[in-house]
1. Search region 143-181 for residues being within 16 Å of the ligand (Cβ to nearest atom) and aromatic (Phe, Trp, Tyr), and hand back the single one that is surrounded by the fewest Cβ atoms within 10 Å (Cβ to Cβ).
2. If I go through region 283-332 residue by residue, how many of them are assigned to a helix (DSSP H, G or I), exposed (fewer than 15 other Cβ atoms within 10 Å of the Cβ) and of a type outside the set (Val, Ile, Thr)?
3. Within region 125-142, does at least one residue satisfy the condition of being surrounded by fewer than 23 Cβ atoms within 10 Å (Cβ to Cβ) and part of a helix (DSSP H, G or I)?
4. Quick check on GLY271: is it of a type outside the set (Val, Ile, Thr), within 30 Å of GLU361 (Cβ to Cβ) and either within 16 Å of the ligand (Cβ to nearest atom) or in contact with a strand residue (DSSP E or B) (Cβ under 7 Å, 6 or more places away or on another chain) (or both)?
5. Go over the candidates GLU251, GLU265, GLU257 one by one and state the one that is under 20 Å from the mean Cα position of the chain (by Cα) and in a helix (DSSP H, G or I).
6. Report, by residue number, each residue of region 168-203 that is under 21 Å from TYR317 (Cα atoms) and of a type in the set (Phe, Trp, Tyr).
7. Restricting attention to region 182-241, report how many residues are buried (at least 24 other Cβ atoms within 10 Å of the Cβ), polar (S, T, N, Q) and more than 27 Å from TYR287 (Cα to Cα).
Amino acid sequence: MKKFSEPIYVTRPVLPDRAEFGKSIDKIFESQWLTNMGAFHQALEGELKGFLGVPHVSLFNNGAIALLVALKALSLPKNSEVITTPFTFAATPHVVAWNGLRPVFADIDRETFTLDPEAVRRAITPNTSAILGVHVFGFPCHVDALEAIAKEHGLQVVYDGAHAFSTKIGDRSIGRWGALTMLSFHATKLFNSLEGGALLYDDPALEQRIKDLRNFGIRGEFEVSDIGINGKMNEVQAAFGLLNLRQVAHEQALRAEIHALYRRELATIPGLTVPNFPSGVSNSYQYFPILVKRTSRMSRDVVYDRLREANVWTRKYFYPLCSTYVPYRELPSSAAENLPVANSIADEVLCLPFYGHLGLEAAGEIASMIREVMS
Ligand SMILES: *Cc1c(COP(=O)(O)O)cnc(C)c1O
């Protein structure tokens with residue numbers, strides 16, 4: 001098999017123009033305002049509101065702290081249960097536990113890898129207070145079904161939308177569902193501000209609480225009103241984000257071409273499944289996952305190893321499942337029998353290199369390599 005001379009990673013960060021970023025840094029040096037809701041912070045918050053089409057955006061230093069604050073802002077009863085997915089990044093169950101709440105894992109569905117509403121329904125107990133869904137790989141959760149269940153049982157709904165930047169269902173932003181939606185602006189995400197994150201929400205009553213929690217609960221010079229934390233995005237992050245926001249559409253267009261090529265080349269390979277994006281949903285183009293079926297000649301792990309030998313660094317997102325992590329593996333809901341679909345997807349999934357600069361030629365070569373390994 002051919003080998004790339006340089007490693008091809010699963011993603012590469014989008015970077016702003018260096019000279020433009022230099023001008024922003026000059027302004028920060030002139031103003032000497034480095035953090036605490038400065039001019040760049042205000043500008044980014046405002047621009048994101050328009051870009052995403054949501055009424056409220058609160059910026060954070062990273063997505064994990066944003067999600068931590070989202071759950072805190074809802075004042076869920078101590079020790080109550082939050083139903084979530086095991087097929088996600090570690091931050092999702094961790095913020096539940098850090099809030100003194102109990103994560104309960106429910107299974108996912110085969111098509112979108114998001115929470116299976118029927119599994120969520122079965123996981124509800126008198127102690128359940130919330131559902132924390134993840135729009136994994138940008139596939140929206142079954143928002144209407146989840147929210148109907150939540151309404152029936154008096155539960156809050158929060159979404160981890162770290163992979164769903166700019167995703168829309170119909171013409172409505174993904175941030176319009178649930179009480180709160182978290183976005184991550186980490187370097188590896190479609191839109192990045194070095195590190196960063198945001199909460200999107202509709203209810204104006206949440207705004208003051210979120211601002212308090214984000215800044216130590218400080219209301220004024222002589223008043224601390226709440227047990228807050230430091231979740232503030234600094235001016236360098238915000239300036240970087242403002243410039244990168246101008247590049248999102250272009251980056252998505254480049255990724256859309258790679259997506260189409262991968263689909264065309266891979267969908268016909270026996271033993272591979274390329275998940276379909278639901279109709280009426282805009283793809284964020286955050287990741288390109290495939291499934292190497294367990295029944296096929298080659299296992300996912302062999303494909304991963306053979307590609308690595310060719311200098312192609314795919315990622316097994318999200319293997320291992322969060323339910324197998326040391327702090328969670330003893331939970332009753334972590335039992336493999338409770339999570340058959342998640343366990344099977346975790347053994348089959350592989351995320352391919354996917355970023356604008358990859359280019360169509362390299363993407364075509366990677367697809368050929370996969371065909372060769374699978375035949
Ligand atoms: C990246 C990510 C996070 C955490 O975001 P950070 O900005 O890195 O803190 C949370 N959940 C998911 C699903 C993620 O991919």
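FYI, it's all coordinate maths here, none of it is from the lab. What you see is a predicted model, and the numbers here were worked out from it, not measured in a lab. With ideal geometry, Cβ positions are generated from the backbone for all residues, glycine too; neighbour counts draw on all protein chains shown.
1. If we take residues in region 143-181 being within 16 Å of the ligand (Cβ to nearest atom) and aromatic (Phe, Trp, Tyr), then PHE165 is surrounded by the fewest Cβ atoms within 10 Å (Cβ to Cβ).
2. Going through region 283-332 one residue at a time, the tally reaches 5.
3. No, because not a single residue in region 125-142 is surrounded by fewer than 23 Cβ atoms within 10 Å (Cβ to Cβ) and part of a helix (DSSP H, G or I).
4. Against the criterion (of a type outside the set (Val, Ile, Thr), within 30 Å of GLU361 (Cβ to Cβ) and either within 16 Å of the ligand (Cβ to nearest atom) or in contact with a strand residue (DSSP E or B) (Cβ under 7 Å, 6 or more places away or on another chain) (or both)), GLY271 qualifies.
5. Numbers: GLU265 fails: under 20 Å from the mean Cα position of the chain (by Cα); GLU257 fails: under 20 Å from the mean Cα position of the chain (by Cα).
Testing whether each residue is under 20 Å from the mean Cα position of the chain (by Cα) and in a helix (DSSP H, G or I) leaves just GLU251.
6. The answer is PHE185, PHE191.
7. Total satisfying the criteria: 0.
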